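Asks: Below is the structure I would like to discuss, written out as structure tokens.
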Amino acid sequence: MGSGVADAVAGGDLDELLRLVDRLCDDGAWDALLDLRDRCRRAYSETGRQLWPAASHAEYRLALQAPGPLAAAVLVEGAGRFALGPLPEVAASTHTWAELAGALPPGPWAAEVAAERVLRGEGLRDDDRAVRGGGELPLCIAPWEPAYLLATYAPFEVELPGPPPLDLAPVVLERRGQHVEDPDVEDALRAVVQPWVVASNGAVAVRSVRGSAEAAVADLGHREVAWADVPPAAALLRVAWAGASGGAHGRRRGAAAGRFSAWWALATLAGLAGPDVDWPPPADELGEAASSLRWAVWAPPGPRLGWSLHLAVEDPEDGLAWAIAATDRA
């Protein structure tokens with residue numbers, strides 16, 4: 001098989017290389033597939049041929065289907081740049097932590113894989129290798145957290161479930177709130193959808209006001225919207241989904257990144273994040289903060305197309321509220 005890989009790379013036929021990737025996967029010839037990836041990566045510097053699509057697809061298939069040590073071997077900087085999703089999430093979707101951990105040195109890749117496995121039901125807080133990985137969030141899911149939306153990867157496609165639809169009722173917003181300066185919260189909310197704006201066609205607006213959740217949305221310039229008050233978990237599910245997504249054209253960040261976005265946004269809203277506060281906050285304290293806030297999902301008039309995140313949050317105790325309107329379209 002080695003000479004066949006060498007001949008295919010020397011020929012520079014991308015279609016044939018992609019067919020060869022398929023055959024190698026069917027045969028379980030993972031070492032040969034890794035060799036193909038290496039040869040395709042070297043092709044540009046050695047011959048000027050741009051074979052990166054084959055290299056990227058080989059890396060994706062290794063992360064998805066190869067035995068743990070070989071899947072872990074492609075979890076390195078720059079790999080899978082054009083894959084269907086971030087390779088740590090891809091590998092974690094089809095391998096247990098134990099299958100991957102032995103080949104992952106402590107560092108960001110191990111931390112990301114562990115975080116993704118936690119979202120898939122593995123409790124790793126007592127696993128020394130996962131702890132040494134250096135992730136920031138707890139290695140178990142707190143009772144107040146939502147059932148995060150997880151990607152399902154296949155050789156040529158990915159299923160990315162979105163938040164479930166809600167029954168929103170029309171409301172008229174009577175008055176705007178009094179604008180207040182709250183850059184920390186506004187930056188945290190904008191960061192959730194940063195890829196939508198930076199790497200795609202998205203737009204985001206955030207407001208902080210003294211007043212109600214409705215007043216915060218009115219401060220965005222809306223008079224009539226569709227509205228539903230929701231439990232904290234339903235709102236945080238949407239924050240995490242948006243934080244995991246790349247929008248229409250941006251690169252997906254992964255479910256673990258989405259969970260981090262939700263924790264950071266919630267902690268900032270609750271005053272539990274910042275330069276003078278230990279990170280991350282205790283999970284039970286953050287859950288209590290989520291329950292103390294009022295959460296709402298809303299939608300502006302018109303069709304609901306593409307990617308959107310429309311939330312309002314109210315702190316009844318302090319009389320403050322915030323609203324975000326983020327959209328992206330293909």
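The values are calculated or read from the model by the stated rules, or taken from the named source; none is laboratory data. Because the structure is a prediction, the values reported are computed rather than measured. Counting neighbours? That spans all protein chains shown, and the Cβs are built from the backbone with ideal geometry, glycine included.
Asks: Taking the stated definitions as given, is Leu104 touching a helix residue (DSSP H, G or I) at 6+ places or on another chain (Cβ under 8 Å), crowded, with 18+ Cβ neighbours inside 10 Å and either of a type in the set (Ser, Thr, Tyr) or under 20 Å from Ala63 (Cα atoms) (or both)? Walk me through it before giving the result.
Replies: Details: touching a helix residue (DSSP H, G or I) at 6+ places or on another chain (Cβ under 8 Å): yes; crowded, with 18+ Cβ neighbours inside 10 Å: yes; either of a type in the set (Ser, Thr, Tyr) or under 20 Å from Ala63 (Cα atoms) (or both): yes.
Yes, satisfied.
Asks: Additional query: Within segment 33-48, track down each residue that is surrounded by fewer than 18 Cβ atoms within 10 Å (Cβ to Cβ) and under 16 Å from Ala63 (Cα atoms).
Replies: Taking segment 33-48 first, the residues surrounded by fewer than 18 Cβ atoms within 10 Å (Cβ to Cβ) are 38, 42, 44-48.
If the condition is that a residue be surrounded by fewer than 18 Cβ atoms within 10 Å (Cβ to Cβ) and under 16 Å from Ala63 (Cα atoms), then Asp38 is the only one that fits.
Asks: Between residues in segment 152-179 that are closer than 25 Å to Ala91 by Cβ and residues that are assigned to a loop (DSSP other than H, G, I, E, B), which pairs lie under 6 Å by C-beta distance while being six or more apart or on different chains?
Replies: Here the result reads Val158/Leu84; Val158/Gly85; Val158/Ala151; Leu160/Ala151; Pro161/Leu149, each pair linking segment 152-179 to a residue that is assigned to a loop (DSSP other than H, G, I, E, B).
Asks: For segment 56-73, which residues satisfy the criterion of being assigned to a loop (DSSP other than H, G, I, E, B) and either under 17 Å from Arg253 (Cα atoms) or without any contact (Cβ under 8 Å) to a residue 12 or more places away in the chain (or both)? Lay out the reasoning, then the answer.
Replies: The first filter runs over segment 56-73 and keeps only residues assigned to a loop (DSSP other than H, G, I, E, B), leaving 66-67.
Residues satisfying the conditions do not exist here.
Asks: Moving on to the next point. Against the conditions (1) more than 21 Å from the chain's Cα centre (by Cα); (2) crowded, with 16+ Cβ neighbours inside 10 Å, where does Val197 fall short? Just the number, please.
Replies: Just one mismatch for Val197, condition (1).
Asks: With respect to the numbered conditions (1) in contact with a Ser or Thr (Cβ under 6 Å, 6 or more places away or on another chain); (2) assigned to a loop (DSSP other than H, G, I, E, B); (3) under 23 Å from Leu168 (Cβ atoms), which one is the sole condition not fulfilled by Ala321?
Replies: Against the list (1) in contact with a Ser or Thr (Cβ under 6 Å, 6 or more places away or on another chain); (2) assigned to a loop (DSSP other than H, G, I, E, B); (3) under 23 Å from Leu168 (Cβ atoms), Ala321 comes up short only on (2).
Asks: Test Arg329 against the criterion of being surrounded by fewer than 18 Cβ atoms within 10 Å (Cβ to Cβ), in contact with a Leu (Cβ under 9 Å, 6 or more places away or on another chain) and of a type in the set (Lys, Arg), and give yes or no.
Replies: Answer is yes for this residue.
Asks: What pairs come up if the first residue lies in segment 294-309 and is closer than 17 Å to Ser245 by Cα, the second is of a type in the set (Asp, Glu), and their beta carbons are under 6 Å apart, counting only those six or more places apart or on different chains?
Replies: Final answer for the pair search is Gly306/Asp328; Trp307/Asp328.
Asks: Which residues, taken from segment 276-296, are in a strand (DSSP E or B) and surrounded by 20 or more Cβ atoms within 10 Å (Cβ to Cβ)?
Replies: If the condition is that a residue be in a strand (DSSP E or B) and surrounded by 20 or more Cβ atoms within 10 Å (Cβ to Cβ), then Trp295, Ala296 are the ones that fit.
Asks: Looking only at residues in segment 288-306 that are at pLDDT 95 or above and under 21 Å from the mean Cα position of the chain (by Cα), which one is farthest from Val171 (Cα to Cα)?
Replies: Ala290
Asks: May I pose another question? Return only the number of the condition from (1) at pLDDT below 95; (2) touching a helix residue (DSSP H, G or I) at 6+ places or on another chain (Cβ under 7 Å); (3) among the acidic types (Asp, Glu) that Asp184 does not satisfy.
Replies: Result: Asp184 passes all but (1).
Asks: Can I ask one more? Looking only at helices (runs of 4 or more DSSP H) that lie completely in segment 210-275, which have at least 2 residues being of a type in the set (Phe, Trp, Tyr) and closer than 30 Å to Leu84 by Cβ?
Replies: Fully inside segment 210-275 and qualifying: 255-269.
Asks: So for segment 3-26 (the condition being under 28 Å from Glu159 (Cα atoms) and either under 25 Å from the mean Cα position of the chain (by Cα) or among the aromatic types (Phe, Trp, Tyr) (or both)), does at least one residue qualify?
Replies: No.
Asks: Can you confirm whether Val206 is in contact (Cβ under 8 Å) with a residue 40 or more places away in the chain and surrounded by 17 or more Cβ atoms within 10 Å (Cβ to Cβ)? Let's see the steps before the verdict.
Replies: Working: in contact (Cβ under 8 Å) with a residue 40 or more places away in the chain: yes; surrounded by 17 or more Cβ atoms within 10 Å (Cβ to Cβ): yes.
Yes: the conditions hold for Val206.
Asks: I've got another one for you. Hey, can you tell me all the residues within segment 190-209 that are assigned to a helix (DSSP H, G or I) and either closer than 22 Å to Leu173 by Cα or of a type in the set (Ser, Thr, Tyr) (or both)? Walk me through how you get there before you give the answer.
Replies: To start, the set of residues in segment 190-209 that are assigned to a helix (DSSP H, G or I) comprises 190-192, 194-198.
None; the set is empty.
Asks: Return yes when Val9 is outside the structural domain of Ala257 (by TED's automatic domain parsing), β-branched (Val, Ile, Thr) and closer than 24 Å to Gly258 by Cα and no when it is not.
Replies: no
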